[in-house]
Amino acid sequence: MAAPGRPPRVVFLAALTCAVASCGTPRATPDTSAAPSAAISSPAPATASPAVPGGLPDLTRLDQHDATAVSKAALTLMWIVDSTTDRSQRDAYQRAAPLLDEAYKASVGDQPGGGVPGQWTEHRAYAKVRLTPQRPQGDIPTDTPTLAHRGWTITVIPTGRDRWKGAPVHATAFVTLKRKDPGAPWRVSAVGTA
């Protein structure tokens with residue numbers, strides 16, 4: 001599991017690209033250990049929502065005072081990429097922006113987005129995302145009224161609207177959440193993936 005506070009590694013789309021293209025050799029993952037400083041930008045509007053079966057988390061109904069609910073919704077938004085509406089995973093991160101704190105929004109802005117694989121476009125595919133809570137391991141501090149940590153196992157299945165399915169991809173995410181005071185909504189301040 002990645003260390004808390006480390007910028008995210010957007011490895012999932014590169015792994016999915018290789019999985020759906022049946023690559024014979026692994027692709028190198030870009031090193032994202034340096035914290036970028038640009039704001040999230042996307043060619044698609046922030047309000048664009050994939051028409052994914054089952055839909056996206058409804059932020060108007062989300063209990064933003066529940067750290068677990070906020071972390072799950074943010075990860076779901078970050079990992080659902082839809083070939084019918086998205087150009088890259090950067091579009092998915094843009095949808096998650098309302099749940100990210102200002103510093104984290106700035107830090108993920110320069111992350112490589114990767115393009116949507118051609119096979120996804122051919123099958124009008126989207127990323128079906130399943131999250132399973134995982135107890136964070138290691139020397140993780142207990143929650144405080146303004147700091148929380150959540151661990152998730154992520155399973156992504158490339159799913160075509162024509163019933164095509166790609167090979168599943170698995171990852172583990174460690175989410176750090178902060179808020180200004182105990183009455184404020186939680187915001188994701190870091191995501192580490194392994």
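Summary table below
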quantity	calculated
Unique residue being in contact with a His (Cβ under 6 Å, 6 or more places away or on another chain) and more than 26 Å from LEU62 (Cα to Cα) when the list is ASP162, ASP139	ASP162
Elements of type helices (runs of 4 or more DSSP H) contained in the stretch 88-177, each with 1 or more residues being within 11 Å of MET78 (Cβ to Cβ) and without any contact (Cβ under 8 Å) to a residue 40 or more places away in the chain	89-96
Of residues in the stretch 118-161 being among the acidic types (Asp, Glu) and open to solvent by 80 Å² or more (accessible area, probe 1.4 Å), the one nearest to VAL81 (Cα to Cα)	GLU122
Residue in the stretch 52-84 that is nearest to the chain's Cα centre (by Cα), counting only those that are surrounded by 16 or more Cβ atoms within 10 Å (Cβ to Cβ) and polar (S, T, N, Q)	THR76
Every pair of residues 6+ apart whose Cβ atoms lie under 6 Å, when the first sits in the stretch 55-80 and is without any contact (Cβ under 8 Å) to a residue 40 or more places away in the chain and within 12 Å of VAL129 (Cβ to Cβ) while the second is hydroxyl-bearing (Ser, Thr, Tyr) and in a helix (DSSP H, G or I)	PRO57/THR76
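The values are calculated or read from the model by the stated rules, or taken from the named source; none is laboratory data. Values in this document were obtained by computation on a predicted structure and should not be read as measured data. A quick note on method: Cβ atoms are made from the backbone with ideal geometry, for glycine too, and the neighbour counts reach across all protein chains shown. With ligands, DNA and RNA removed, areas are computed over all heavy atoms of the protein, side chains included. Shrake-Rupley method; radii C 1.70, N 1.55, O 1.52, S 1.80 Å.
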